[in-house]
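Every number here is computed from the coordinates shown, using simple stated rules; none is lab data. Because the structure is predicted, anything quoted here is derived from the model rather than measured. Neighbour counts are summed over all protein chains in view; Cβ atoms, including those assigned to glycine, are modelled from backbone coordinates with ideal geometry.
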């Protein structure tokens, strides 16, 4: 069992919010965590059980009748329950009435008649962070905004880092020691997503093309989104491709990161950037194994960028700061891989490099942000495959990727 650091946020939400939703991909640990925080005082229903699912869909009002407090697992399979839940928690406004889990973003499901806005708090649970695997509650994001110099404890680099990145964070895949066994699990995982979850949340006319489309998306991970280019290989136009990408995003397979821009900087790219939310899944989709990387590291950079993006997303989940995530790129190609913007308008930046060394030129994008934002820019870090923290100017550092799971 791994400690999930968002557990505290869920427990706090149950103390003051009527409905709490743990939202994230299948097999990320939502059910286990829901059972852990709910204790003995809540009934448990899973909509993966065919009988329970049929009852919830056939008579959602009757299904909820007489329930005081309950966990409803995989609620996206019966969105008909959401409106009766709203009615029920408006009648009895005690906090912690319902703890829901969902493997899809409920706000993207067309069948949802009425959201639980103002009544529900949503907390994301992605697959395991390296910080959770090591039992180290990372302070990386909070340190960025406090201006505190990065630190590194358990430094992982070189071939060991490759193993960590290609393993990913899904608990089931993590438990398999051989790469071929993990790749087999990821293949079965995608098959299950296509055959079950996509059908639950959307009407897809060309369901057979979805696995092929996902492989095309994997080839474009880390790039600016180009719907025509992605869809052409699968025989889809850009409109259908955009629709299908949104389905994969709603299932927490991919993430489209919006561009950050300001009026002080001109000629900025305003296209979103595409990432897989698990580096192990991306590696399996692209057939990248540790042996492949040892022979040729050219493909590792894209998977590493997905890994860092996902790790930052996970750390945000339990950080004091809850910044929004963007990317930055101008028309001259100057970019910053990850831009974090806090609610007070302060900005931090992260650049990702798969090499074991860093040069001043790697800070070009971060310096551009720093010079335009002045005091609003709290810190910029180039994360690299090394073991030393090196200053490159005011609030600019090269830091090992292992800084991501430093506790201090």
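Remark: segment 286-390 projects, on average over all directions, an area of 8.2 nm² (convex hull of Cα atoms). Between the alpha-carbon centres of segment 165-238 and segment 1-51 there is a gap of 26 Å.
Prolate is the label for segment 132-186, because the ratio a/c of its alpha-carbon gyration tensor axes (a ≥ b ≥ c) is 1.5 or higher and a/b is greater than b/c. Across the alpha-carbon set of segment 211-302, the Rg to Rh ratio works out to 1.03, Rh being the Kirkwood radius. Measure nothing but the geometry: give the 0 to 90° angle between the long axis through the Cα atoms of 179-192 and the longest principal axis through the Cα atoms of the chain, rounded to 10°. Once rounded, the angle reads 50 degrees. Highest mobility in the GNM of the chain, judged by mean-square fluctuation with C-alpha springs under 10 Å and restricted to 101, 122, 52, is found for 52. Under the shape rule built on the C-alpha gyration tensor, where the axes satisfy a ≥ b ≥ c, the chain is prolate, since a/c reaches at least 1.5 and a/b is greater than b/c.
Rg and Dmax, both from the Cα atoms of segment 7-124 and both in Å, are 12.7, 35. Compute a Gaussian network model of the chain, connecting alpha carbons closer than 10 Å, and tell me which residue from 57, 119, 91 fluctuates the most. Sorting by GNM fluctuation, first place goes to 91.
Here is the size of segment 144-259 from its Cα atoms: Rg then Dmax, 17.5, 51 Å.
Would you please put 32-44, 270-282 in order of how densely packed they are, using the mean number of other Cβ atoms within 10 angstrom per residue and starting with the highest?
On the way: 32-44: 14.6, 270-282: 23.6.
With the highest mean Cβ count within 10 Å placed first, the list reads 270-282, 32-44.
The packing ranking of peptides 172-179, 15-22, highest mean first, is 15-22, 172-179, where packing means the average number of other beta carbon atoms within 10 angstrom of each residue. Can you bin segment 80-208 into rounded, prolate or oblate? Criterion: square roots of the alpha carbon gyration tensor eigenvalues sorted a ≥ b ≥ c, rounded for a/c under 1.5, prolate for a/b above b/c, oblate for the rest. It is oblate, given that a/c is not under 1.5 and a/b is not larger than b/c.
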